[in-house]
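Reviewing the structure listed below.
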Amino acid sequence: MAERLTDGLFVGPNNYVPRLGTGDDARVVEILRRRADGQIVPVWSVALDNPKSARTLYDWMGTNSDSWSMWGRLSLRVGPEAAGRMIMEAAAEHERVRIEQERRRRENEREQARLSREIKLYYYDPKRKAPSLALERGSDKAPFFRMTFTERWERDRVLDWLKNQREQFADMEELWAEHGAMALERHILAGMRETERAVKARGDSAGGRRPLRFWRGE
């Protein structure tokens, strides 16, 4: 396991270590070799456009201590230029993956934020169980409100009204949070009946058990 030293060096279990330059050399990253006689000599170096890029490369090297010996020996065998291309290509691929992961993370955060603001209406027809409808936030795993019915037509009657109230779902959630499910159920039924009376008075009622069947909201 590599450890960072205060002078910009890493120490590890082998004779090759990366080094980040300081001061005027802050753009330089090197691979140093510790020879058998105790001398430390550079076997590869690169000068990047700015200290930030050098720090990024150096930090990446620090997470790949298993590759230090390979990079150093490669520099001795094929030359610093050829070895450098391989090192920088590997670093560029790592950065590309990191950027893509960060993009996906931000995208996921935005999606979770969007879902946390979105409330959806669901209806259920389970076998041998009472039909129901529910309100659920997109980021939650279960509905915060569920309303069950004896008959499917009763559920559909409420659904005809509720599906056109999407702009009110957030207010309904607040009502549920403050006063409970029963208060929200009474609010929904009262709103449905009031709308049914208004639609009937205008002569737009579908009649029967579902007077708002063809109603598309105000």
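With respect to the conditions (1) among the aromatic types (F, W, Y); (2) modelled with pLDDT of 95 or more; (3) over 30 Å from W215 (Cβ atoms), F149 falls short on a single one, namely (3).
Count of the range 170-206 residues, restricted to those that are free of Cβ contacts under 8 Å to residues at least 40 places away in the same chain and of a type in the set (V, I, T), is 2. Taking the range 117-135 as the range and being over 17 Å from E167 (Cβ atoms) and not hydrophobic (A, V, I, L, M, F, W, C) as the test, the residues that pass are Y122, Y123, Y124, D125, P126, K127, R128, K129, P131, S132.
To keep it simple, each residue is scored yes or no on (1) surrounded by 14 or more Cβ atoms within 10 Å (Cβ to Cβ); (2) in contact with a helix residue (DSSP H, G or I) (Cβ under 7 Å, 6 or more places away or on another chain); (3) part of a helix (DSSP H, G or I).
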position	(1), (2), (3)
R128	no, no, no
D156	yes, no, yes
W161	yes, yes, yes
A177	no, no, yes
A198	no, no, yes
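Within the range 136-153, the set of residues being within 24 Å of R197 (Cβ to Cβ) and either touching a residue at least 40 places away in the same chain (Cβ under 8 Å) or in a loop (DSSP other than H, G, I, E, B) (or both) comprises M147, F149, T150, E151, W153. For the range 201-217, the condition holds for no residue, the condition being that it is closer than 15 Å to L133 by Cα, surrounded by 14 or more Cβ atoms within 10 Å (Cβ to Cβ) and touching a helix residue (DSSP H, G or I) at 6+ places or on another chain (Cβ under 7 Å).
Every residue, every condition in (1) surrounded by 14 or more Cβ atoms within 10 Å (Cβ to Cβ); (2) hydroxyl-bearing (S, T, Y); (3) in the same structural domain as P42 (by TED's automatic domain parsing); (4) in contact with a strand residue (DSSP E or B) (Cβ under 9 Å, 6 or more places away or on another chain), yes or no:
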{"position": "R73", "(1), (2), (3), (4)": "yes, no, yes, yes"}
{"position": "V78", "(1), (2), (3), (4)": "no, no, yes, no"}
{"position": "A83", "(1), (2), (3), (4)": "yes, no, yes, yes"}
{"position": "H94", "(1), (2), (3), (4)": "yes, no, yes, no"}
{"position": "E100", "(1), (2), (3), (4)": "no, no, yes, no"}
{"position": "R105", "(1), (2), (3), (4)": "no, no, yes, no"}
{"position": "E111", "(1), (2), (3), (4)": "no, no, yes, no"}
{"position": "S132", "(1), (2), (3), (4)": "yes, yes, no, yes"}
{"position": "R137", "(1), (2), (3), (4)": "yes, no, no, yes"}
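Within the range 35-50, the set of residues being surrounded by 17 or more Cβ atoms within 10 Å (Cβ to Cβ) and either within 34 Å of the chain's Cα centre (by Cα) or not assigned by TED's automatic domain parsing to the domain that holds L20 (or both) comprises L48 only.
The values are calculated or read from the model by the stated rules, or taken from the named source; none is laboratory data. Everything numeric here is computed off the predicted structure, so don't read it as measured data. Every residue, glycine among them, receives a Cβ derived from its backbone with ideal geometry; neighbour counts consider all protein chains shown.
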